[in-house]
Amino acid sequence: MDRTSWLTVVLVAACSVAAGIGAGVRLFSSMPPLTYVTIIPLSVVIGVDLFLGWRVRAAVESERVGLDRSQLSPHTIVVVLALAKASTMLGAVVAGLASGYAIPLAGRAGEVSAASSDLPVAIVLAVLGAVLCGVGLLVETWCKVPPGDDQAERMRGASPA
């Protein structure tokens, strides 16, 4: 599985910013207010990503990856890698939507009280989205497992003995 490309992350975030601006301009009056409760799920995902990523990193560094009960299964590492990739994309979408939504809110903050109360939440969501995206990219780097001896031989073109 390849690492997530920076270009992909930037494109997803840019499209999300455009969608957030559109939502802020066209749908602001019909949207429910943003609350700080919305930061809880993102914070939990960030914590889970860091916890699982740290476990994978520790297992890889101490060479405890394998199929023995005392080792971390390669399948588990792939699952954590998939979670990290999903977190990267989710973080890019949330950061883009929230920052795009905050742009029209900033223009209306002096006029409409709902805009001034939603703006700080949108900013916090944008920051947390960026943090989630960064954590996802970091955990992806932690999930890189060096090839085993037989895999290294096959990569060099030699057949295993």
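Assorted remarks:
- Of the residues making up segment 23-70, those that are closer than 25 Å to CYS133 by Cβ, surrounded by fewer than 17 Cβ atoms within 10 Å (Cβ to Cβ) and of a type in the set (Asp, Glu) number 1.
- Looking across segment 1-57 at every residue that is of a type in the set (Phe, Trp, Tyr) and farther than 30 Å from TRP142 by Cα, the one that is modelled with the lowest pLDDT is identified as PHE28.
- Residues of segment 102-142 satisfying the condition of being acidic (Asp, Glu) and not in a helix (DSSP H, G or I): GLU111
- Among (1) assigned to a loop (DSSP other than H, G, I, E, B); (2) closer than 29 Å to PRO32 by Cα; (3) touching a residue at least 12 places away in the same chain (Cβ under 8 Å), the one test that VAL145 misses: (2)
- In summary, ARG3 fulfils each of the numbered conditions (1) free of Cβ contacts under 8 Å to residues at least 40 places away in the same chain; (2) not in a helix (DSSP H, G or I) with the single exception of condition (1).
- In summary, ALA102 fulfils each of the numbered conditions (1) buried (at least 21 other Cβ atoms within 10 Å of the Cβ); (2) at pLDDT 95 or above; (3) among the small types (Gly, Ala, Ser) with the single exception of condition (2).
The values are calculated or read from the model by the stated rules, or taken from the named source; none is laboratory data. All figures in this text were calculated on a predicted structure; none of them were measured in a lab. For neighbour counting, all protein chains shown are included, and Cβ atoms are generated from backbone atoms with ideal geometry for every residue, glycine included.
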